[in-house]
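The block underneath contains the structure these notes are about, expressed in structure tokens.
The values are calculated or read from the model by the stated rules, or taken from the named source; none is laboratory data. Note that the structure is a prediction, hence the values are computed from the model and not measured. All Cβ positions, even for glycine, are placed from backbone atoms using ideal geometry, and neighbour counts span all protein chains on display.
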Amino acid sequence: MTAADAWGDIFHRISGIRGPGMCGIAGVWAVGKPGGTRDLAELGAAMADSLRHRGPDGEGVWSDPEQGICLAHRRLCVVDLSPAGAQPMASATGRFIVSYNGEIYNHRELRAELEARGVRFRGRSDTEVVVEAIAAWGVDAAPSRFNGMFALAIWDRRDRALSLVRDPMGIKPLYWGWVAGSFAFASELKAFGKIPGWTGEIDRDALTAYLRYGYVPAPRSIYRDVFKLQAGCTLRIDAAGVVAQRRFWDTRALAATARPSLAAISDAEAIDRLEALLRDAVARCMVADVPVGAFLSGGVDSSMVVAAMQAASSCPVHTFSLGFDQPGHDEAPHAAAVARHLGTDHTELRVTARQAMEVIPDLPLWYDEPFADASQIPTALVAHLARKDVTVALSGDGGDEVFAGYTRYAAARRVWQPLERLPSWLGRAIPRAIGALSPQQWDWAVRPVPARWRPAHFGQRLHKLRTALAADGANDFCRRLLSHWHTPGDVVIGGREPPDLLDDASLAEEFPDLAERMQVIDLLTYLPDDILTKVDRASMAVALEVRVPILDHRVVAFACSLPSGMRQRNGQGKWLLRQVLYRYVPPALVERPKMGFGVPLESWLRGPLRDWAETLIGRQALAEQGFFHPEAVRSLWQDHLSGRRDGQYPLWTILMFQAWRCRLGRP
């Protein structure tokens, strides 16, 4: 497929597309104010309509004016396409009303168990299994029995209580908060804007945290009084307005306690057990009443998922990849090689920089709050490509976090720990030596190194490491590796950086090994707040449901129970995952330096995006808006343009915030 053939159909203008998308839920409860001043069904319909892109196949609203509550739903039909799967859905007893976004992969086993208890089902949907499981086992117990991705809203008519539940790894989004005295929830923030009295006041502390990480870390959102429900949590609010949260899944506790349990497992046994878990997880994710495919980059994670899919399928699996005309950013040849070896029905779309940049103006519309992971651009493109042929796509997301694939984990062991033992004068000399050459000069210096051994974007990564080496202690080293702005409190006017997980002193006690500590931090923060958010919004915008089998909670629990040497060995991440993959794909097809799914922002900002950026971060505009100290932003911008510093990532956080505000219609 050529870009010219595909582009007119796929990307004549993304912003004009209003096709189907992932399911969306929303609702509001005027706690203590039954009846209200506006028809609840009308309000629920308005909130649901703002989420139409998440679910075009149906809309449902349930309301109880006497209690002042409404639950709304937008539906994308994936399992049981009949009206029997429509939501909100009541339990057979009528006690519980559920509005639900997601998929429960073990719903057939749960259905059989419930039928043995005498439950009679009306349809085949997993939604009905969810609501009857809650009726049978309770709101607290039922979610721990679900294998899948889900965001639930459950109204208990008898106890007059509303519960919200989010899946163990945070795959599906769920926001909650207070608007003009009413409790509200939704899959996306835009639904809150439909509630009378909404002001959308920006939380400057959350903005400060956003500048550091490129996303707003949970539990905050960009708005005051609105929060993200954290992964593996249940929130309950009663008729007195008392809010209580509890965890039904605790990744941190699991990682802290489970690892010694398999200390004596052999390599061969671990490989066999992981393969069985992955094949079962992938097979469950392939069940749907609509076409299913997969993203394929040619890396370890996506190749493993596709290999397991192809092993479970009697016909070629449909796979999708993206090709760029930018050196160092094109993984398409690797994906094509893996596809040929596995025998998939492969579709590749090659795009130019200009075509990729056409996505940028619409990003704020999809992400609903500022979000600055630039890989959102190719993610949106490949999701749109896949949606031409399938409604569900599997991805390899989670492999790096679960099986220690990021190079920063190796840096913690190879660089920071030895550095701590060096004399202080030598420790200070190393960053100065790195800084003697610019990132581009370092890239030039390592050109003689064979490509298979030369890290992609070597100079850029080396300069990031240089900043990290100036850290004051191990936790600061970790934070610097994750940071976009290293002193965001100096950039945001009136903003104070809120404490985060790295400020928790007990974390170092639970995980004394820095690499393991970093992996747990990524599982709890970067994975749900960045990676999974990126995929959800990009796929939602184009009517695609993305499933992530590596984040099956059984796979995560098994990985947490392993000795660290089975995740990272001899400096190589994802060691165990690679051994399973080698049973399907020759190592030569997937072994190469980690490239990442990114775009060449550095050169784009100096070239074709320069005028766009200048309009957003002009000195006068920054001063009038009053969010950022103009000098801090302008200084970095000028340094980036001149080549003195590579400021692409911190600048992108500012640009995405500015673009988001403009898209909201705010100056």
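Among the numbered conditions (1) more than 28 Å from residue 583 (Cα to Cα); (2) part of a helix (DSSP H, G or I), the only one that residue 311 does not meet is (1). For residue 336, the conditions (1) surrounded by 19 or more Cβ atoms within 10 Å (Cβ to Cβ); (2) hydrophobic (A, V, I, L, M, F, W, C); (3) free of Cβ contacts under 8 Å to residues at least 40 places away in the same chain all hold with the exception of (1). Residue under question is residue 328, and the condition is that it be under 26 Å from the mean Cα position of the chain (by Cα), more than 23 Å from residue 546 (Cβ to Cβ) and modelled with pLDDT under 90; does it hold? Yes: the conditions hold for residue 328.
Among the numbered conditions (1) in contact with a strand residue (DSSP E or B) (Cβ under 7 Å, 6 or more places away or on another chain); (2) assigned to a helix (DSSP H, G or I), the only one that residue 615 does not meet is (1).
Selection over segment 388-407 of residues that are in a helix (DSSP H, G or I) and surrounded by fewer than 24 Cβ atoms within 10 Å (Cβ to Cβ) gives a count of 1. Within segment 299-309, identify whether any single residue is surrounded by 19 or more Cβ atoms within 10 Å (Cβ to Cβ), within 26 Å of the chain's Cα centre (by Cα), over 18 Å from residue 585 (Cβ atoms) and not β-branched (Val, Ile, Thr), and answer yes or no. Scanning segment 299-309 turns up no residue that is surrounded by 19 or more Cβ atoms within 10 Å (Cβ to Cβ), within 26 Å of the chain's Cα centre (by Cα), over 18 Å from residue 585 (Cβ atoms) and not β-branched (Val, Ile, Thr). Looking across segment 121-166 at every residue that is aliphatic (A, V, I, L, M) and in a loop (DSSP other than H, G, I, E, B), the one that is surrounded by the fewest Cβ atoms within 10 Å (Cβ to Cβ) is identified as 141.
Could you identify the single residue in 339, 404 that is out of contact with any Asp or Glu (no Cβ under 6 Å at 6 or more places or on another chain) and on the phi < 0 side of the Ramachandran plot?
Going through 339, 404 in turn, the sole match is 339.
Applying the condition of being surrounded by 20 or more Cβ atoms within 10 Å (Cβ to Cβ) and charged (D, E, K, R) to segment 349-387 and asking which residue is nearest to residue 313 (Cα to Cα) yields 387. Of the helices (runs of 4 or more DSSP H) lying entirely inside segment 414-493, those containing at least 2 residues that are modelled with pLDDT of 75 or more span 474-482. For segment 220-242, a tally of residues being free of Cβ contacts under 8 Å to residues at least 24 places away in the same chain and surrounded by 15 or more Cβ atoms within 10 Å (Cβ to Cβ) returns 1. Just one of the numbered conditions (1) within 21 Å of the chain's Cα centre (by Cα); (2) modelled with pLDDT of 95 or more is not true of residue 341: (1). For residue 316, the conditions (1) crowded, with 17+ Cβ neighbours inside 10 Å; (2) in contact with a helix residue (DSSP H, G or I) (Cβ under 9 Å, 6 or more places away or on another chain); (3) of a type outside the set (S, T, N, Q) all hold with the exception of (1). Counting the residues of segment 605-627 that are crowded, with 17+ Cβ neighbours inside 10 Å and among the β-branched types (Val, Ile, Thr) gives 1.
Is it fair to say residue 219 is within 22 Å of the chain's Cα centre (by Cα) and either of a type in the set (A, V, I, L, M) or over 16 Å from residue 370 (Cβ atoms) (or both)? So residue 219 fits the description; yes. Within segment 63-74, residues that are on the phi < 0 side of the Ramachandran plot and touching a residue at least 12 places away in the same chain (Cβ under 8 Å) have Cβ atoms under 7 Å from residues that are part of a strand (DSSP E or B) and among the hydroxyl-bearing types (Ser, Thr, Tyr) in these pairs: 69/63; 70/63; 71/99; 72/99; 73/99, counting only partners at least 6 apart in sequence or on another chain.
Report yes if residue 632 is free of Cβ contacts under 8 Å to residues at least 60 places away in the same chain, assigned to a helix (DSSP H, G or I) and over 30 Å from residue 335 (Cβ atoms), otherwise no. No, not satisfied. Against the list (1) closer than 30 Å to residue 304 by Cβ; (2) modelled with pLDDT under 70, the condition residue 403 fails is (2).
Counting only helices (runs of 4 or more DSSP H) wholly contained in segment 494-571, the ones carrying 3 or more residues that are surrounded by fewer than 23 Cβ atoms within 10 Å (Cβ to Cβ) occupy 505-510, 514-521, 553-560. Within segment 164-197, count every residue that is over 18 Å from residue 69 (Cβ atoms) and hydrophobic (A, V, I, L, M, F, W, C). So the answer is 3. Residues that are closer than 21 Å to residue 361 by Cβ, of a type in the set (A, V, I, L, M) and either outside the structural domain of residue 375 (by TED's automatic domain parsing) or crowded, with 20+ Cβ neighbours inside 10 Å (or both): does segment 634-647 have at least one? Scanning segment 634-647 turns up no residue that is closer than 21 Å to residue 361 by Cβ, of a type in the set (A, V, I, L, M) and either outside the structural domain of residue 375 (by TED's automatic domain parsing) or crowded, with 20+ Cβ neighbours inside 10 Å (or both).
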